[in-house]
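Take a look at the structure below.
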Amino acid sequence: MDADRQALKSYDPEIFAEIAGEEGRQTDGVEMIPSENYTYPEVLAALGSVLTNKYSEGYPGRRYYGGQEHTDAVERLARERACALFGAEHANVQPLSGSPMNQAAYFAVMQPGDTVLAMDLSHGGHLTHGAPVSHMGKVFNFVRYKTGEGGAIDFEQMMTIAKQVRPKIVLAGYSSYPRDYDYAGFRQVADEVGALAMADISHIGGLVAAGVMANPFDAGFDIVTTTTHKSLRGPRGGMILCRKGLAKAIDSSVFPGLQGGPHMNNVAGAAITFKKAAEPAFRGYAEQVLANAKTLARTLLDGGARLITGGTDNHMMVIDTVESFGLDGRAAEEALDRIGVATNKQVIPDDPRPPLRPSGVRLGTPACTTRGMGEEEMRRLGGWMVEALRAPEDAALAGRLCGQVRELCRGFAVPGVAKG
Ligand code: DSN
């Protein structure tokens, strides 16, 4: 055990025990929540570095505190690498996470009461895309488009709505949608009504960076937001990418508009992540995430599951557990938890059930792919998941499946989990 870890163990055994417990949980089970991943040991080192001690309000070369020679260099590297990776003209790497990232982007280009055309939340939109319970839903006027048969967006209908409501932003983005977007279609709607085209690619940021999914900038988008900790494998955080003309508005919206000092240890972690994502090995990882998702989806379909949109083109899938197994999403999530597979309950399009007892579960492959699992493991895991969902009350079966999941996991280390 290294000295810092030993010191933590002696000073605060209660917290140490919980960290060690979480390491055990992450190691013994399979993480299939599609927004989670295991970051790099190098990123963990940056997160635990003395950069956390430093206040850096402002931007490189224009700070409100002295002593910024190293933090300036870190932030410049993060911005340059982010721009190169996504083909962006400007990057703000300071948002503390996904929600402030989207809030800052909205306030950069809108006034309270302005309209955003965004995806219906039950069809896959995110809380920050205007859920009535979120502050953003109260400040701005969100109008909804929905998905149709097979998950495609009906751009004709979207154009009709856009002409009626004249949005300031046409927003392409989701947290529970298993397909890719035709970004050119969104751009066309935005152009027709003089709106900005914004994409929130938080879930698929790594897949876009690797070039295995479409990049909204290729269709001329104005603003692209992404968190850094999902398929990108970085530290928790967010960033806003935009064209040059919006750089000043975005920067002043993040600071001083919304936030104070950026977390420079996180910014360093993000810079390391962008360097990793530019390497050829990361493309191989992203391709495997997609292949694993397809194989897992096929296995679930063969086992009798109904998947929303019929399958997946990205890293995630959503099972209608009520129709497939007669279980609501909470019961399905719990049944999978009992065998050591973490998923999350999820509303499905126009779900008649409430969010805490919805009709589905959402699952994805970024984390298990990071551990090195491949399609053979997806077939085995998918088969066990179907068995568990078919007989959620069978404790003996759950015990056997849990043992099998744990045994499988032994062959796949979790990056960054220390020994001892
Ligand atoms: N919590 C993230 C997700 O699971 O999609 C985004 O809020």
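The values are calculated or read from the model by the stated rules, or taken from the named source; none is laboratory data. Bear in mind that the values here come from a model prediction, so they are computed numbers and not experimental data. Neighbour counts are summed over all protein chains in view; Cβ atoms, including those assigned to glycine, are modelled from backbone coordinates with ideal geometry.
Okay, here's what the table says:
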{"read-out": "Segment 336-365, subset small (Gly, Ala, Ser) and assigned to a loop (DSSP other than H, G, I, E, B), residue farthest from the ligand (Cβ to nearest atom)", "value": "GLY340"}
{"read-out": "Residue check, PRO354 free of Cβ contacts under 8 Å to residues at least 60 places away in the same chain, under 30 Å from LEU51 (Cα atoms) and not aliphatic (A, V, I, L, M)", "value": "no"}
{"read-out": "Subset of segment 91-115 [within 21 Å of the chain's Cα centre (by Cα) and not polar (S, T, N, Q)]", "value": "ALA91, VAL93, PRO95, LEU96, GLY98, PRO100, MET101, ALA104, ALA105, TYR106"}
{"read-out": "Among the residues listed as THR52, THR27, the single one being more than 25 Å from VAL208 (Cβ to Cβ), away from the ligand (no atom under 16 Å from the Cβ), within 22 Å of the chain's Cα centre (by Cα) and of a type in the set (Val, Ile, Thr)", "value": "THR27"}
{"read-out": "Condition met for ASP222 (surrounded by fewer than 24 Cβ atoms within 10 Å (Cβ to Cβ), in contact with a Lys or Arg (Cβ under 8 Å, 6 or more places away or on another chain) and closer than 17 Å to ALA105 by Cα)", "value": "yes"}
{"read-out": "Sole residue being in contact (Cβ under 8 Å) with a residue 24 or more places away in the chain, touching a Leu at 6+ places or on another chain (Cβ under 9 Å), of a type in the set (Gly, Ala, Ser) and farther than 24 Å from ALA210 by Cβ, chosen from GLY113, GLY125, GLY130", "value": "GLY125"}
{"read-out": "Inter-residue pairs, beta-carbon under 7 Å, first closer than 13 Å to TYR59 by Cβ and in segment 253-266, second basic (Lys, Arg), 6+ apart", "value": "MET264/LYS54"}
{"read-out": "Boolean, ALA105 is within 16 Å of the ligand (Cβ to nearest atom), within 18 Å of GLY173 (Cα to Cα) and either crowded, with 19+ Cβ neighbours inside 10 Å or without any contact (Cβ under 8 Å) to a residue 60 or more places away in the chain (or both)", "value": "yes"}
{"read-out": "Single unsatisfied condition, LYS248 versus (1) away from the ligand (no atom under 16 Å from the Cβ); (2) over 24 Å from VAL109 (Cβ atoms); (3) part of a helix (DSSP H, G or I)", "value": "(2)"}
{"read-out": "First in segment 28-43 and over 12 Å from VAL417 (Cα atoms) and touching a residue at least 24 places away in the same chain (Cβ under 8 Å), second anywhere and more than 16 Å from the ligand (Cβ to nearest atom) and part of a loop (DSSP other than H, G, I, E, B), Cβ under 7 Å, 6 or more apart", "value": "GLY29/GLY340; VAL30/GLY340"}
{"read-out": "Residue in segment 301-314 that is among the small types (Gly, Ala, Ser) and free of Cβ contacts under 8 Å to residues at least 60 places away in the same chain present", "value": "no"}
{"read-out": "Test: residue in segment 281-288 that is basic (Lys, Arg), in contact (Cβ under 8 Å) with a residue 24 or more places away in the chain and either out of contact with any helix residue (DSSP H, G or I) (no Cβ under 7 Å at 6 or more places or on another chain) or not in a helix (DSSP H, G or I) (or both)", "value": "yes"}
{"read-out": "Breaking point among (1) closer than 30 Å to ALA286 by Cα; (2) crowded, with 16+ Cβ neighbours inside 10 Å, for ASP28", "value": "(2)"}
{"read-out": "Condition met for LEU241 (more than 16 Å from the ligand (Cβ to nearest atom), assigned to a strand (DSSP E or B), within 21 Å of GLY206 (Cβ to Cβ) and of a type in the set (A, V, I, L, M, F, W, C))", "value": "yes"}
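Here's the yes/no breakdown for (1) within 18 Å of the chain's Cα centre (by Cα); (2) modelled with pLDDT of 95 or more; (3) among the small types (Gly, Ala, Ser):
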residue	(1), (2), (3)
HIS135	no, no, no
THR160	no, yes, no
ALA172	yes, yes, yes
ARG179	yes, yes, no
PHE186	no, yes, no
VAL189	no, yes, no
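Every residue, every condition in (1) touching a Ser or Thr at 6+ places or on another chain (Cβ under 6 Å); (2) closer than 21 Å to ALA82 by Cβ; (3) among the hydroxyl-bearing types (Ser, Thr, Tyr); (4) at pLDDT 95 or above, yes or no:
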| position | (1), (2), (3), (4) |
| --- | --- |
| GLY257 | no, yes, no, yes |
| MET264 | yes, yes, no, yes |
| GLY311 | no, no, no, yes |
| SER324 | no, no, yes, yes |
| ALA332 | yes, no, no, yes |
